[in-house]
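The values are calculated or read from the model by the stated rules, or taken from the named source; none is laboratory data. As the structure is a computational prediction, the values presented were derived from the model and not from experiment. Cβ placement follows ideal geometry from the backbone for every residue including glycine, while neighbour counts extend to all protein chains displayed.
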Amino acid sequence: MKKLALHWKIIIGMVLGIIFGFIMNTLDGGKGFVTNWIAPFGTIFINLLKLIAVPLILASLIKGISDLKDISKIKSMGLRTIGIYIGTTLVAIIIGLSIVNLVKPGTGMPTDTIEKIKTTYQGNADVMIGKAKATKDAGPLQPLVDIFPSNIFTALGEAKMLQVIFFALFVGICLLLIPEKKAKPLVKFFDSLNEVVMKMVDLIMLFAPYAVFALLANVIIAFDDTEILVKLLWYALCVVGGLLLMIGFYLILIKFVVKKSPLWFLKELSPAQLLAFSTSSSAATLPVTMERVEEHLGVDKEVSGFVLPVGATVNMDGTSLYQGIAAVFIMQVIWPEGLTFTNQLVIIATALLASIGSAAVPSAGMVMLVIVLESIGFPAELLPIGLALIFAVDRPLDMCRTVVNVTGDATVSMMVAKSLDKLHDPKPKEWDDNYEAVK
């Protein structure tokens, strides 16, 4: 009997988790049961993925850079990666602004609905405004300062991705600059570490269908007011529609630039996409994304080891698209006089820069949305109301846009690999490849 593919197992887990969550919502004590006895298994799964993310980036990037044998290739790969990431982010923002201006989901929202939303989500909005203020107060060059670690062990322990990437690049370049004989032992160590961490990914993924069941059940019980969700339906559909168009744009790139089948691409990447949807975190999904891109899509390690970690930190196409739609939607509802062409150009520029600074964690896009709105002179007294407007549907939309972020990272890694002739035939590995020899 043929084994059921992993992506189907994950889909079944997601569907059952959603159904179970709705059932528990109708039972007395159901929410408490899910929170206390189901949700922790999802948390354990995310913790395991985060556990291996940093050593995987470190090992994969150092090994990949040292394998290039030529420092000039690092510059070439870096420029192509950043250039393509900026290009896809601009496309995402333009798609988002086009849809929200065409559909106008914010016009005609009843005043009583706005007041109810404000009352319900004012506290959440204040928290996000506080976080955004702290980000702004840090200064314009703080993101650049944050790239350079003062203590690599602190950076590793706190999973500061850009600092880990910088350290790995620094070590990889230095390995190229010393005699090969002296570099070989360290290169072998990181090569072995990379293989071990990749095997960890295979083992952790055995638990994925059960974990997404727990994660989705926990998401469903968080929805209290379905009336507000219905009122925000057009806004949510605009975001989802824009994200689907962005996925379509990636598939066009896969078809005509990479010269691969879009359906094959989606099939092989789907476990990473489904995990991105379940966790709302491209950082937590990164180990699985790297495993799928390297072993199932055929991207060489030296490319995936650089492009994917950088992408998980600076490439937020889904988040940028969402920020464009959310900013204009909020203006349509409570500040229509601010809907000028100039302000929308400012949104494009600010959303592009904000996407680079967005952390790869749930709801980071909401913090960056505050900065986008403030850049166009949005009235400070209306800001809490504006954020409260979209809080009710932020989590499910966050899940959707994380899928786009991960898909964009994989697409760009394939494009860069194709341009550098670093795309090979996939060689998938299973968790039990060596089991017969050691059991």
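Return yes or no: is PRO55 touching a residue at least 24 places away in the same chain (Cβ under 8 Å), over 24 Å from the mean Cα position of the chain (by Cα) and surrounded by 15 or more Cβ atoms within 10 Å (Cβ to Cβ)?
No; evaluated as a whole, the condition is false for this residue.
In region 26-40, how many residues are out of contact with any helix residue (DSSP H, G or I) (no Cβ under 6 Å at 6 or more places or on another chain) and crowded, with 17+ Cβ neighbours inside 10 Å?
Residues in region 26-40 being out of contact with any helix residue (DSSP H, G or I) (no Cβ under 6 Å at 6 or more places or on another chain) and crowded, with 17+ Cβ neighbours inside 10 Å: 1 in total.
Pick from ALA283, ALA222: which is within 16 Å of the chain's Cα centre (by Cα), at pLDDT below 95 and either surrounded by 20 or more Cβ atoms within 10 Å (Cβ to Cβ) or not acidic (Asp, Glu) (or both)?
None of the others qualify; the one that does is ALA283.
Would you confirm, using the coordinates I've provided, whether LYS231 is at positive phi and of a type outside the set (Asp, Glu)?
Answer is no for this residue.
Return the residue satisfying two criteria in turn: it lies in region 314-328 and is hydrophobic (A, V, I, L, M, F, W, C) and under 11 Å from the mean Cα position of the chain (by Cα), and of such residues it is surrounded by the most Cβ atoms within 10 Å (Cβ to Cβ).
MET316
At least 2 residues that are in contact (Cβ under 8 Å) with a residue 24 or more places away in the chain in each: list the helices (runs of 4 or more DSSP H) lying fully within region 145-213 that qualify.
161-177, 180-205
Would you confirm, using the coordinates I've provided, whether VAL196 is closer than 24 Å to ASP70 by Cβ and among the β-branched types (Val, Ile, Thr)?
Taking the combined requirement at face value, the residue does not satisfy it.
Quick one: how many residues across region 242-280 are at pLDDT 95 or above, among the hydroxyl-bearing types (Ser, Thr, Tyr) and not in a helix (DSSP H, G or I)?
Total meeting the criteria: 1.
Residue by residue, here is whether (1) buried (at least 19 other Cβ atoms within 10 Å of the Cβ); (2) of a type outside the set (Ser, Thr, Tyr); (3) in contact (Cβ under 8 Å) with a residue 40 or more places away in the chain; (4) under 27 Å from LEU144 (Cα atoms) holds:
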{"site": "THR350", "(1), (2), (3), (4)": "yes, no, no, yes"}
{"site": "GLU381", "(1), (2), (3), (4)": "no, yes, no, no"}
{"site": "LEU387", "(1), (2), (3), (4)": "yes, yes, yes, no"}
{"site": "ARG401", "(1), (2), (3), (4)": "yes, yes, yes, yes"}
{"site": "PRO428", "(1), (2), (3), (4)": "no, yes, yes, no"}
{"site": "ASN434", "(1), (2), (3), (4)": "no, yes, no, no"}
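Taking region 250-261 as the search range and keeping residues that are of a type outside the set (A, V, I, L, M, F, W, C) and more than 22 Å from PRO287 (Cα to Cα), which one is surrounded by the fewest Cβ atoms within 10 Å (Cβ to Cβ)?
Of everything passing the filter in region 250-261, LYS259 is surrounded by the fewest Cβ atoms within 10 Å (Cβ to Cβ).
Output the residues belonging to region 403-421 that are hydrophobic (A, V, I, L, M, F, W, C) and buried (at least 20 other Cβ atoms within 10 Å of the Cβ).
VAL403, VAL404, VAL406, ALA410, VAL412, MET414, MET415, VAL416, ALA417
Check region 182-191 and report whether any residue there is crowded, with 17+ Cβ neighbours inside 10 Å and in contact with a Phe, Trp or Tyr (Cβ under 8 Å, 6 or more places away or on another chain).
Looking through region 182-191, none of the residues is crowded, with 17+ Cβ neighbours inside 10 Å and in contact with a Phe, Trp or Tyr (Cβ under 8 Å, 6 or more places away or on another chain).
From LEU48, LEU16, LEU4, grab the single residue that is of a type in the set (A, V, I, L, M), surrounded by fewer than 22 Cβ atoms within 10 Å (Cβ to Cβ) and not in a helix (DSSP H, G or I).
LEU4
For region 379-421, what are the residues that are among the basic types (Lys, Arg), closer than 20 Å to ILE254 by Cβ and touching a Ser or Thr at 6+ places or on another chain (Cβ under 9 Å)?
The one that is among the basic types (Lys, Arg), closer than 20 Å to ILE254 by Cβ and touching a Ser or Thr at 6+ places or on another chain (Cβ under 9 Å): ARG401.
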